[in-house]
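S.K.: Sharing a structure, written as structure tokens. Questions coming.
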Amino acid sequence: AGPCDIYASGGTPCVAAHSTTRALFSAFTGSLYQVKRASDSATLNIAPLSAGGVANAAAQDSFCASTTCLITTIFDQSGNANHLTQAPPGGFNGPDAGGLDNLAAATGAPVTLNGQKAYGVFVAPGTGYRNDKTTKIATGDAAQGMYAVLDGTHFNGGCCFDYGNAETSAHDTGNGHMEAIYFGTETTWGTGNGNGPWIMADLENGLFSGNTTGKNTADPTQTARFLTAVVKGEPGHWAIRGGSATGTTLGTFYSGGRPTVAGYNPMHKEGAIILGIGGDNSNGAQGTFYEGAMTSGFPADATENSVQANIAAAKYATTSLTSGPAISVGSAVSFRATTACCTTRFIAHTGAQVNTQVVDSTSTSALKLSASWTVVAGLGNSACVSFESRDTPGSFIRHFDFELMVNANDGSKQFAEDATFCPQAGLNGQGNSIRAWGYPTRFFRHFNDLGYAASNGGVDTFDATSLFNDDVSFVVSAAFA
Ligand code: AHR
Ligand code: AHR
């Protein structure tokens, strides 16, 4: 059985079921998600390898070879056509053209399930999916349940990494107009124990860990790499549950009355579905989604415990975030451009600005040093790497407003993440393409001889599709100095 077969046996069937990693019904053979590649804008639907099985990631890999792909649609497996697509502008605009949110990179969150490769949905700030015209999703005070499997180590304090029920207008229409799972360290409203991240409920104009927007010490800081998060609500009552997605138990972190603040009892659910954003399209949050579902009716704890056992049996595990020629921690490297214009140019810096400069064995030692980088374990994720300046120890290549800079490490989580890069096989077949960990649609790019974290066809000039593969491919060699 799949999670949604278990919910159905419990009398609380899935009315929406979303996953890029696996089928959530044992008989499901349809499309899990759709990817679109940049090279020719063609799309491909990805199905499970077998009924009820893991997604056919190999089909994605071959379709997306030598280009980049975005996840355009996360299909609803429940038969209600509650598919998730690129979120439209609402109370807030997204960063993409027309105020839409960005789409996720198709390869941003690789994992294995029982040893088989699959990809989750890596939500960088600005990324969001939504469906404002759903079928059978709870409205008003009607009961619903939700679960999601998330990366418990990918979060921030922005508003709001959510999955669940929200406004059909993408605007804040008042207290009680949402009921969604939230995960992260946003502290404007409720909090849990410790420093977070916490599983909370986004009920609109408030993230709730309990029946007030205060602290609920029974809602623990989450530390599992793979996390199961549960929020459910019925008239006069709701609950938060959670636990490691590879463990056997779910804890109950809150179960009780509706918030005492006006507007949340009865609830005013509208029945849209959001992923990665707030109800009003607030899009500053980050997180990773692997699978999730929404039910009709209030699931019993025992039903959710069986769903949790099913998730554990799927055996989510990490896999490599890098590919291509090894860029080893402890080595010192230089990066040579491969675009025809520029094959004698190397990534260097002048002060804080990253650029490319012509460097060779006869260059001054100062110039050689400015084009030389020590490879260290990724400051924000040790499965990737960071590049420390050879002439300015303690300073690292990081992106800021998607320009590459060399800045001193200020010790913040933001800096660490902005300075973490996951090298891939070079998109043009040469060397490596250096992907930004926190924004997997983006790679080191030289553009007019300056350095950027660029996406393949984005809103900025430096995102131009022309020459993208060449501009993001660098031959990495032993450092000049
Ligand atoms: O409830 C928290 C957030 O507040 C909601 O997600 C958003 O719609 C509003 O800004
Ligand atoms: O480079 C993009 C973002 O710009 C960085 O993550 C952040 O530090 C800055 O706001």
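What follows draws every value from the coordinates through simple rules; no lab data is involved. Only a predicted model underlies this, so the values are computations on that prediction, with no experimental measurement involved. So basically every Cβ, Gly included, is an ideal-geometry build from the backbone, and we count neighbours across all protein chains shown.
S.K.: Taking the Cα centre of the chain as origin, sum charge times position over the Cβ atoms of Lys and Arg (+1) and Asp and Glu (-1), and report the length of that vector in debye to the nearest 20.
M.R.: Dipole of the chain, to the nearest 20 debye: 940 debye.
S.K.: Would you mind classifying the stretch 41-80 by shape? Square roots of the alpha carbon gyration tensor eigenvalues, ordered a ≥ b ≥ c; an a/c under 1.5 is rounded, otherwise it is prolate if a/b is larger than b/c and oblate if not.
M.R.: oblate
S.K.: Which one, Tyr290, Pro48, Pro3, projects farthest toward the positive side of the charge dipole computed for the chain from Cβ point charges (K/R +1, D/E -1)?
M.R.: Going by the Cα projections, it comes out as Pro48.
S.K.: Please give the helix 301-314 orientation as an angle from the longest Cα principal axis of the chain, in degrees from 0 to 90, rounded to the nearest 10.
M.R.: Orientation of helix 301-314: about 30 degrees from the principal axis.
S.K.: In sequence order, what are the phi-derived ³J(HN,Hα) couplings for the stretch 160-177 according to the Karplus relation 6.51 cos²θ - 1.76 cosθ + 1.60 with θ = phi - 60°, rounded to whole Hz, with x for glycine and proline?
M.R.: 9, 7, 10, 9, x, 8, 8, 5, 6, 9, 6, 10, 6, 9, x, 3, x, 8
S.K.: Rounding to the nearest 20 debye, state how big the charge dipole of the stretch 127-230 is about its Cα centre with +1 on each Lys and Arg Cβ and -1 on each Asp and Glu Cβ.
M.R.: 240
S.K.: Using Cα pairs under 8 angstrom and six or more residues apart, how large is the relative contact order of the chain, in percent?
M.R.: That works out to 15 percent.
S.K.: Write down the percent of antiparallel bridges among all DSSP beta bridges whose residues are both part of the stretch 1-152, to the nearest 5.
M.R.: Approximately 95 percent, going by the DSSP bridge assignments.
S.K.: Also, quick follow-up: Could you give the dipole magnitude of the stretch 65-212 about its Cα centre, charging the beta-carbon of Lys and Arg +1 and that of Asp and Glu -1, in debye to the nearest 20?
M.R.: Taking the Cα centre of the stretch 65-212 as origin, the dipole is about 420 debye.
S.K.: If you don't mind, another one. Given a Förster radius of 51 Å and the C-beta distance between Thr248 and Ala352 as r, what FRET efficiency does 1/(1 + (r/R0)^6) yield to the nearest 0.05?
M.R.: 0.55
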